[in-house]
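The structure under discussion appears below in the form of structure tokens.
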Amino acid sequence: MKFKKQVETVLQMIKEKAQNKISKTNSSRTELYNRLAVYRPEYDKVVSWYERVTGLSEVRVAQDRVLESQKQFMKAQDRRRDVSVELRTIQNKLKDLRNELLNTSRAEDRYIELVTQEHSLLKQENSIIDRVNYCEKDERDSFILLSTTLKDSHDRERIQAERTKYVSIVGSILGTIIGIIGSTLINAWKMNEFKRMVLDAKLDSSNLNKNDQIKHLLLQVEKQNKMLKKAQLKLNSDKLTSIVEPDWKYTDRDVIILTTINCTIVALSAYLVSKLF
């Protein structure tokens, strides 16, 4: 008993889990359907436009006409069969009645009754023959309409196939053109980016070179300043002590030249700095 209860509880749990999963899947399907329902009008517009362009809507209309004409033809056939069956029954009755007239004497009273029945049956036969003729005519017209609509449907299907072929060709050409334009634009953008990166690198390298040149000029200026200071100190010391050193003897002319060079280097460095910054 305990084993049965455990099995029943396990089965009940499995059923509940299955029901929960089914409810979740149904809820997710309904949510997805509601989300897609928002885009349904746009989808219908696109489909209707494609059907108009390719002629698929005209093919559907022609196929509906074929089905309708086929139904009319089948109804006309059924009416003609029913009337033909009625005509055959009347003709069989007339045949039996005429056989009975042949076996009946004209002096009998029953002969007049049989003749009256024959007359009524002949009238019915004539009306049924008219109906048969009308039904046959209706059947022929329905058949002609069916053949015409079927031919029109075939023509429209052929035109639709040609349109679809041309539309696919035009679409492939447009897709190729759009792809080429997109690839050229992307390549042009990449080339512009590459050129910009190259120019930035060149500017950076030129700035570095110019900075190096400026640093070099400044170092030269500092060296010249040091040399000028040393020369001035030596000149002062020469005047004071009158000690002549042949290796570091600077005249007034040398001092003027060094001062001019120093001023020129300072002016060039200031020009370069103004151009860069």
Practice task
Could you please find all residues in the range 96-148 being over 20 Å from Lys71 (Cα atoms) and among the small types (Gly, Ala, Ser)?
Solution key: Ser105, Ala107, Ser120, Ser127
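Across the range 151-172, what is the total count of residues that are among the basic types (Lys, Arg) and open to solvent by less than 80 Å² (accessible area, probe 1.4 Å)? Outline the logic, then answer.
Taking the range 151-172 and keeping what is among the basic types (Lys, Arg), we get 151, 156, 158, 163, 165.
Next cut, open to solvent by less than 80 Å² (accessible area, probe 1.4 Å) only: 156.
Counting residues in the range 151-172 that are among the basic types (Lys, Arg) and open to solvent by less than 80 Å² (accessible area, probe 1.4 Å) gives 1.
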Problem - Sole exception among (1) open to solvent by 50 Å² or more (accessible area, probe 1.4 Å); (2) of a type outside the set (Gly, Ala, Ser); (3) outside any helix (DSSP H, G or I) for Lys95, by number - result: (3)
Problem - Filtered residue count, the range 101-111, keeping only those that are in a helix (DSSP H, G or I) and surrounded by 11 or more Cβ atoms within 10 Å (Cβ to Cβ) - result: 3
Handout entry: Check on Glu136, touching a residue at least 40 places away in the same chain (Cβ under 8 Å), farther than 30 Å from Ala161 by Cα, surrounded by 11 or more Cβ atoms within 10 Å (Cβ to Cβ) and in contact with a helix residue (DSSP H, G or I) (Cβ under 9 Å, 6 or more places away or on another chain)
Key = yes
Completion exercise
Among the residues of the range 69-92, the number that are more than 21 Å from Thr149 (Cα to Cα) and open to solvent by 40 Å² or more (accessible area, probe 1.4 Å) is 10
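The values are calculated or read from the model by the stated rules, or taken from the named source; none is laboratory data. In this text, all values refer to a predicted model and were calculated from it rather than measured experimentally. With ideal geometry, Cβ positions are generated from the backbone for all residues, glycine too; neighbour counts draw on all protein chains shown. Accessible surface is based on the protein model in full, side chains and every heavy atom, while ligands, DNA and RNA are left aside. Shrake-Rupley method; radii C 1.70, N 1.55, O 1.52, S 1.80 Å.
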